[in-house]
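Each remark here refers to the structure printed beneath this line.
FYI, it's all coordinate maths here, none of it is from the lab. No experiment lies behind these values; they were computed from the predicted model shown. Counting neighbours? That spans all protein chains shown, and the Cβs are built from the backbone with ideal geometry, glycine included.
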Amino acid sequence: MADTIDPIRMTLLDQIASSDTPRDILRAPELKDITAVIPTLPPEERADFGKKLNLLRGQLAEAIERRELELENAHRPAPIDVTAPWDTNAGPASLLPTEHGTTHPLMQEVGIVSSIFERMGFAIEDSREIDDQYHMFDALNFPKGHPARDDYDTFQTAEVDSDGDPLVAPAHTSTMQNRILKKYRINLGVGEPIAAVVPDRVFRNEDLDATHEHTFYQVEGVYVARGVTVGNLIATLSAFLGEYYGKEVEVRTNPFYFPFTEPSFELSMKNPFSDKEDDWIELVGCGMIHPNVLRAADIDPNEYTGFAWGLGIDRLVMMKYGIEDVRHFESARLDFLRQF
Ligand code: FA5
């Protein structure tokens, strides 16, 4: 009977060596059949046969353990080399599924706004997320301690700049005026204007409501040449709005106060898609660049004049799509975002 055990041993060991679930082989019918043979053997052969069968079971158990270890090692990640660069150990970063992702509506519109101004001859510049008080206030003709500084609800950091003043989160894109004037003043010497826009994010510690967010977008515009007038300012903004909405837009200006422009205005726009007579929204702060702001960039105000504006992009987009509350933009609500 020992002869029957050897071929079964070979078959079962072979099966174990290639199985993904080697322990199942202990339930193989061949093993059951061979065990069932014992009571049919003459009593003097039973002990010997039983021993051989136990030996077989032991060999199978060992082979199963070896195979299980082999399978486990095959799935174990390679050992980590702690001295290697991050990507050696981590492998490629797994990305979230993106099939439903879209560009945020404000980013889509920033692209459209930039391309219109580019076609109108303006260079595009970026702002920053942290700035100093010189660019937020001093270069914009806000003297130190001037009460108008408080109008801007500016977030400050614990870190200080070289003057010992806290750094700030820019509360308007006008922080870039001085840099633009300096960067492009070379144009004036060759008879070209300074013409640049800055579409970027700004931050204010505001009381929030349907038209006021703490984080929003503005597009700053700066234009300087000889003989520039308020008429040029209004014409530029009207041309932009007409292009953006694809129709002529009614605007009106009210006198206002900004330390960095003189005269200063608030420009409001009639909702281009509303029949209501009183549906106006305040959209832009603007004016003729103050002589002190030109001087801070070494430009002679007796020779050159210019205008600047800061237009609220969130409100511009709200009008385009009939969005009733500015806070939807930062809400991260998918039901809102998926409409764009
Ligand atoms: C300014 O920020 C000036 N820097 C604008 C300026 C630039 C004037 C250059 C002169 C020369 P104001 O605070 O009014 O101004 O903001 C300008 C526009 O930004 C507003 O008309 C509005 O469209 C938008 N805006 C202001 N505050 C908010 C807010 N909390 N949420 C959404 N949009 C806002």
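Couple of notes before you dig in:
- For region 2-75: rounded, prolate or oblate by the Cα gyration tensor [a/c cutoff 1.5]: prolate
- Residues of region 175-212 with amide N under 20 Å of the 7 Å Cα→Cβ point at residue 134: 175-186
- Positive-end ranking of 223, 4, 336 along the dipole of the chain, with charges on Cβ about the Cα centre, is headed by 4.
- A crude spin-label estimate for the pair residue 124 and residue 275, with each label 7 Å from Cα along the Cβ direction, gives 3.8 nm.
- Using C-alpha pairs under 8 Å with a sequence gap of at least 6, the mean separation divided by the residue count of the chain gives a relative contact order of 14 percent.
- The slack between residue 65 and residue 150, meaning 0.36 nm per residue of separation minus the straight C-alpha distance, is 23.1 nm.
- Taking the centroid of alpha carbons for each part, region 122-197 and region 269-340 are 18 Å apart.
- Dipole moment magnitude, nearest 20 debye, region 105-337 about Cα centre, only Lys, Arg, Asp, Glu C-beta charged: 760 debye
- Note on residue 338 and residue 248: the model spin-label points, each 7 Å out from Cα along the C-beta direction, lie 4.2 nm apart.
- Highest to lowest packing among 4-15, 313-324, scored as the average C-beta count within 10 Å: 313-324, 4-15
- Relative to the 2.2 N^0.38 Å rule of thumb, region 105-337 has a C-alpha radius of gyration ratio of 1.00.
- Across region 162-175, rounded Karplus estimates of 3J(HN,Hα) from the backbone phi angles (6.51 cos²θ - 1.76 cosθ + 1.60, θ = phi - 60°) give 5, 8, x, 8, x, 5, 10, 8, x, 8, 7, 7, 4, 4 Hz, Gly and Pro being marked x.
- Burial order of peptide ranges 114-122, 142-150 (average beta-carbon count within 10 Å, highest first): 114-122, 142-150
- Treating r as the C-beta distance of residue 41 and residue 6 and R0 as 22 Å, the FRET efficiency rounds to 0.85.
- Adding -39500 (n - 2.57) for every DSSP H run of four residues or longer, then dividing by how many residues the chain holds, sets the calculated 222 nm ellipticity at -11500 deg cm²/dmol.
- Total lysine pairs under 19 Å (Cα atoms) in the chain, excluding pairs fewer than 8 apart on one chain: 7
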